[in-house]
Amino acid sequence: MEEQPKPRRGRPATGVTPKRNVRIGAAWDTAEQLAGQLGLTVTAYVEQAIREHNARVEKKLRQVPAE
């Protein structure tokens, strides 16, 4: 009798953050320029911008009364 293979688990831990792909137009060019002026990499600049935006949205959502 042939054994059935065990189902494989998800993506193995590699110690590497997976790359994200996004399509961004002119805003990307501006981000590159501003990151350079601030002495940041584009990755650091985008990550910081996303964190700040998330914080603003979370604050706004906390202020909305529950229905």
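Structure data summary
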{"item": "With Cα atoms, 0 to 90° folded angle of helix 42-63 axis to the chain main axis", "result": "80 degrees"}
{"item": "Extended-chain gain in nm, criterion 0.36 nm per residue less alpha-carbon gap, E52 and L34", "result": "4.9 nm"}
{"item": "Percent carbon-and-sulfur accessible area, the chain, ignoring ligands, DNA and RNA, probe 1.4 Å", "result": "54 percent"}
{"item": "Cα long-axis angle, helix 26-38 against the chain (0 to 90 degrees, to the nearest 10)", "result": "70 degrees"}
{"item": "Extension gain from T41 to N21, taking 0.36 nm per residue of separation minus the Cα-Cα distance", "result": "5.5 nm"}
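The values are calculated or read from the model by the stated rules, or taken from the named source; none is laboratory data. All values reported here derive from a predicted model rather than from experimental measurement. With ligands, DNA and RNA removed, areas are computed over all heavy atoms of the protein, side chains included. Shrake-Rupley method; radii C 1.70, N 1.55, O 1.52, S 1.80 Å.
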